[in-house]
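Undergrad: Quick one: structure below, then a few questions.
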Amino acid sequence: MGLLDKIKNRLYSDYSMPSRLDEYEKILQELISNGYEHITLRDYTYSLTNNSLIGKYFINRHDIDTDTKTARDFFEIEKKLGVKASYYFRLSTIDIELMREIEDYGSEASYHFEEIAQFAKDNHIKSRQEILNKLDDIKKIFKKNFLKLEKELDYKLKTVVAHGDFVNRKLKITSNELLKDQKLREELGIICEGYDKKITDSIDIYVADKAYPIYYHPKPIFKYIGNKNIIYMLTHTRQWQVNRVENTKDNIKRCIEGIRW
């Protein structure tokens, strides 16, 4: 795909694409019809640890990188159908009221962390080794952010998910580097990170949404419903409904960060 096509597809995806929320609801209905239990990542981890997984499961994970309005739209659809999901919010998308509503309903709302990339941007670090040398400092920042969010929410966060930033790709280091520290996990009571090997090894298929015109990777989720027992799906609000204001703000922010870094 040429550069011009990529630009055209991005503009369509960010500003013109019709809402796909009806398709999202159809996915959930299809899973319900096929007997899948919709389970949060937190509850799935507990069941996996206790060796009590029996039947078909759908782990529904939303990474809220932008656009909390569409996050609420996801939530309303799930409430309508009586199913659960896990939501992970960045510091830039934290919505305390919505997160509490999600938890009160019985779903999960937790932290989408990105301290490594943010530290690199804040300090203009472009060396992987330099970041590794600063991991202890970054862990302190992560701990501070995690505990502050818990205090604001007034409930315990049990699972977290790493955010992937352009800086992570440039430095060839994932946010997960922080949670290789088991002592840190135990200190904060974190039982699972969304990409933990114990999770990925236990599922039958992992499906992630993608921007137009791909939509799904590796294949549309409908191909797996009824054929796989444990399905883990990742969605991002941006891929399902256009929010022109939020998309514009995010695009501008990304450009500024790239220039400043």
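The values are calculated or read from the model by the stated rules, or taken from the named source; none is laboratory data. Predicted, not measured: the structure shown is a model, and the values here were computed from it. For neighbour counting, all protein chains shown are included, and Cβ atoms are generated from backbone atoms with ideal geometry for every residue, glycine included.
This table checks each residue for (1) closer than 25 Å to residue 254 by Cβ; (2) part of a strand (DSSP E or B); (3) of a type in the set (D, E, K, R).
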{"residue": "124", "(1), (2), (3)": "yes, no, no"}
{"residue": "130", "(1), (2), (3)": "yes, no, yes"}
{"residue": "138", "(1), (2), (3)": "yes, no, no"}
{"residue": "145", "(1), (2), (3)": "yes, no, no"}
{"residue": "149", "(1), (2), (3)": "yes, no, no"}
{"residue": "152", "(1), (2), (3)": "no, no, yes"}
{"residue": "157", "(1), (2), (3)": "no, no, no"}
{"residue": "160", "(1), (2), (3)": "yes, yes, no"}
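Undergrad: Here is a follow-up. Is it true that some residue in segment 76-88 is over 13 Å from residue 40 (Cα atoms), under 18 Å from the mean Cα position of the chain (by Cα) and of a type in the set (Phe, Trp, Tyr)?
TA: There is no residue in segment 76-88 that is over 13 Å from residue 40 (Cα atoms), under 18 Å from the mean Cα position of the chain (by Cα) and of a type in the set (Phe, Trp, Tyr).
Undergrad: So which pairs qualify, if the first residue must be in segment 16-41 and surrounded by 13 or more Cβ atoms within 10 Å (Cβ to Cβ) and assigned to a helix (DSSP H, G or I), the second must be modelled with pLDDT of 95 or more and among the hydroxyl-bearing types (Ser, Thr, Tyr), the Cβ gap must be under 6 Å, and the two must be at least 6 apart or on different chains?
TA: Qualifying pairs under 6 Å: 41/86; 41/159.
Undergrad: Can I ask one more? Among (1) of a type outside the set (A, V, I, L, M); (2) farther than 17 Å from residue 238 by Cβ; (3) not in a helix (DSSP H, G or I), which single condition is residue 45 missing?
TA: Of the numbered conditions (1) of a type outside the set (A, V, I, L, M); (2) farther than 17 Å from residue 238 by Cβ; (3) not in a helix (DSSP H, G or I), the odd one out for residue 45 is (3).
Undergrad: Could you tell me which of the residues 87, 105 is of a type in the set (Phe, Trp, Tyr), surrounded by fewer than 16 Cβ atoms within 10 Å (Cβ to Cβ) and farther than 22 Å from residue 257 by Cβ?
TA: Sole residue among the options that is of a type in the set (Phe, Trp, Tyr), surrounded by fewer than 16 Cβ atoms within 10 Å (Cβ to Cβ) and farther than 22 Å from residue 257 by Cβ: 105.
Undergrad: Take the residues in segment 48-84 that are among the hydrophobic types (A, V, I, L, M, F, W, C) and either modelled with pLDDT under 95 or in a loop (DSSP other than H, G, I, E, B) (or both), then tell me which one is surrounded by the fewest Cβ atoms within 10 Å (Cβ to Cβ).
TA: 54
Undergrad: Now, a different point. How about segment 169-189: which of its residues are of a type outside the set (Asp, Glu) and touching a Lys or Arg at 6+ places or on another chain (Cβ under 7 Å)?
TA: 171, 172, 173, 178, 179, 184, 188, 189
Undergrad: All but one of (1) in a helix (DSSP H, G or I); (2) touching a Leu at 6+ places or on another chain (Cβ under 6 Å) hold for residue 110; which doesn't?
TA: (1)
Undergrad: Just checking, which of 231, 203, 199 is of a type outside the set (Gly, Ala, Ser), in a loop (DSSP other than H, G, I, E, B), in contact with a strand residue (DSSP E or B) (Cβ under 7 Å, 6 or more places away or on another chain) and at pLDDT 95 or above?
TA: Result: 203 is the single residue among 231, 203, 199 that is of a type outside the set (Gly, Ala, Ser), in a loop (DSSP other than H, G, I, E, B), in contact with a strand residue (DSSP E or B) (Cβ under 7 Å, 6 or more places away or on another chain) and at pLDDT 95 or above.
Undergrad: Looking at segment 207-223, which of its residues are crowded, with 18+ Cβ neighbours inside 10 Å and more than 20 Å from residue 89 (Cβ to Cβ)?
TA: 207, 221
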